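The structure appears below as C-alpha cells.
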Amino acid sequence: MKKQGATFQKIIVPAVIVAIVVYLIFSAWNGLRDPYSFVIVYADTMEESIDTEGWVVRSEEPVKGGGGLVQLKRNEGEKVAEGAAIAMVYEDEEYVDNQEELLRTKSDLTALQYATYDGSPAGATLEDQMMSALSELRAASSSGDYSNLSEETETYRKLVLRREFLVSSEAAAEMSQAATELYQTYESLQSYQSGATEITAARSGMFSSHLDGYETLLSPKSLIGLLPEELEAFSELTPLSAEDSLGKLVTNPVWYFAAILPGQYSHELSPGQTASIYFDSISKTLVMEVDSVGEVQDGQVVAVFRSAQDEHEAGELRQESCRLILESEEGILIPKEALRVYEGENGVFVSSGYNAAFRPVKILAENDDYYLVKPNPKNENDTRILRSGDEVVLASAELYDGKVVH
C-alpha cells in the first residue's frame, strides 16, 4: 500500500504543477490578445473638509414639574403659546383616568358648539376655509412636520361638522341635542379636577422632553467673543440634575454651533457666509450660516455658526464631532488610468457597441486613485457627452475613435 501511495504522489504532484503553469501562460497570452478591460463610472462628490468638535447652544428653559402623577399635553417638537398648558399634575390615578375622558368630551363639545353657532362661516367662506384646512393637512403630511397636526385636524373636523349642520336639518337637530348633553357631561367631569394642577408655559416656544442638564449653563450670550480655551472649558461643566423638570421650551428657533478650527481658516470664513456641516451623531449635513469668527489664539480660532432651520434634527445635539465642508464638487468619478489625451483633448474612451468612442472631460478634483470630472464638449452641438453609467475602457494598447474593443 505504501509503495502505491508514493507512486501516486510522484504522478499527481507534477501533473498539478504543469496544469498551473499552463493556466498562467494561457492567461498571460489571453491578456496580450485582449488588452481591454472596462469599468462603469458613476456620479460622485469630492470635498475639502475639516474634522472638528464643538457645542450646540440654543435659547431654552427647563419646565419645572410638581409632585404627583404627570400627564403631558404637548407632543415632542410641538409649538406652545405663552400661558398655554404643557402638562397636568394629579394627586392620584383617579384624576388621570378622568382626564382622558374630559379632554375627549371637551374636544367634541367645542366642535359641536362651533358647528351650531350662528356666527360660524357659511357658503363660499366655509368652502374656502375647508379647502385651506385640507391643504395645510396635506402640506404637513408631505413635509413630515406634525408639530401642529392636532390643531389642524381639529380645525378641519369643526368645518366639516359645520357644513353638515347647514345642509341637513336632521343632522342639525341631532348636533344641537348632542351639544346640550355633552355640556352636562363636561360640567360633571370638571368637578373631579379640583385635585389637578396645570403647568403652563412661562414663555412661548417649542416643547421638548429631551434634557441634558446644560439648558441653563449655556446660552447664545456665552458664545460672544469666545476664545478656544473658553470653548474647551465647556467640557468641564457639570450638567444640572433634571429630575424635577418635565422637559424644556426652546424659546428661539435660532440655534448655534461653536467649533474650534485651525487659525488659518479665520480668513476663509466671514459672517453671513453659508457653511455645510456634517454631524456624525445624526449622519446628516445641515446648512448653516457663519455668525462670527473669533480671535486666533495659539494657532486656533472659534467659529460660531447659526441656523433657524432643521430644529427637529438639531434638537438633541450638544457636544458634537463633525466635518466642516469647505468646498464640494460634483461630477463623475473615473480611474486615473482611464484618462487619455486624444487629439489635444483630455478625456476617456467609452464602450459604444463594439467600438471605443472618445468623450472629452474637464478635471474638477482628484485623489490618489481617481479624478472627478465633468463632460467638456466643444460647443452645444457636440454630442460627445460622458454620462453616469457609461462603460469606460481601460487599455494598455492604443485607443482611437472607432477602435474595436469587444
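Which residue, of Glu229, Glu289, Glu313, is out of contact with any helix residue (DSSP H, G or I) (no Cβ under 9 Å at 6 or more places or on another chain), open to solvent by 10 Å² or more (accessible area, probe 1.4 Å), within 30 Å of Gly144 (Cα to Cα) and assigned to a helix (DSSP H, G or I)?
None of the others qualify; the one that does is Glu313.
Yes/no per residue for (1) open to solvent by less than 60 Å² (accessible area, probe 1.4 Å); (2) outside any strand (DSSP E or B); (3) more than 18 Å from Val57 (Cβ to Cβ):
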| site | (1), (2), (3) |
| --- | --- |
| Leu240 | no, yes, no |
| Glu243 | no, yes, yes |
| Val254 | yes, no, no |
| Ile277 | yes, no, no |
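Identify, by number, the condition in (1) at pLDDT 95 or above; (2) open to solvent by 50 Å² or more (accessible area, probe 1.4 Å) that Gly347 doesn't meet.
Result: Gly347 fails condition (2) only.
Hey, among the residues in the stretch 62-93 that are modelled with pLDDT of 90 or more and closer than 13 Å to Asp244 by Cα, which one's most open to solvent (accessible area, probe 1.4 Å)?
Out of the qualifying residues, it is Pro62.
Out of the stretch 292-310, which residues are part of a strand (DSSP E or B), open to solvent by 40 Å² or more (accessible area, probe 1.4 Å) and more than 14 Å from Ile224 (Cα to Cα)?
Residues satisfying the conditions are Gln297, Gln300.
All but one of (1) at pLDDT 90 or above; (2) open to solvent by 50 Å² or more (accessible area, probe 1.4 Å) hold for Glu329, so report the exception by its number.
Going through (1) at pLDDT 90 or above; (2) open to solvent by 50 Å² or more (accessible area, probe 1.4 Å) one by one, Glu329 breaks only (1).
Are any residues in the stretch 210-226 touching a Pro at 6+ places or on another chain (Cβ under 8 Å) and either among the aromatic types (Phe, Trp, Tyr) or open to solvent by 80 Å² or more (accessible area, probe 1.4 Å) (or both), and if so, which ones?
Tyr214, Thr216, listed by residue number.
Return the residue satisfying two criteria in turn: it lies in the stretch 112-128 and is in a helix (DSSP H, G or I) and more than 16 Å from Thr180 (Cβ to Cβ), and of such residues it is most open to solvent (accessible area, probe 1.4 Å).
Within the stretch 112-128, the match that is most open to solvent (accessible area, probe 1.4 Å) is Asp128.
The values are calculated or read from the model by the stated rules, or taken from the named source; none is laboratory data. The structure presented is a predicted model; accordingly, all values stated were derived computationally and were not measured. Backbone-built Cβ (ideal geometry, glycine too); neighbour counts: all protein chains shown. Please note that ligands, DNA and RNA were not included when accessible areas were found on the heavy atoms of the full protein model with its side chains. Shrake-Rupley method; radii C 1.70, N 1.55, O 1.52, S 1.80 Å.
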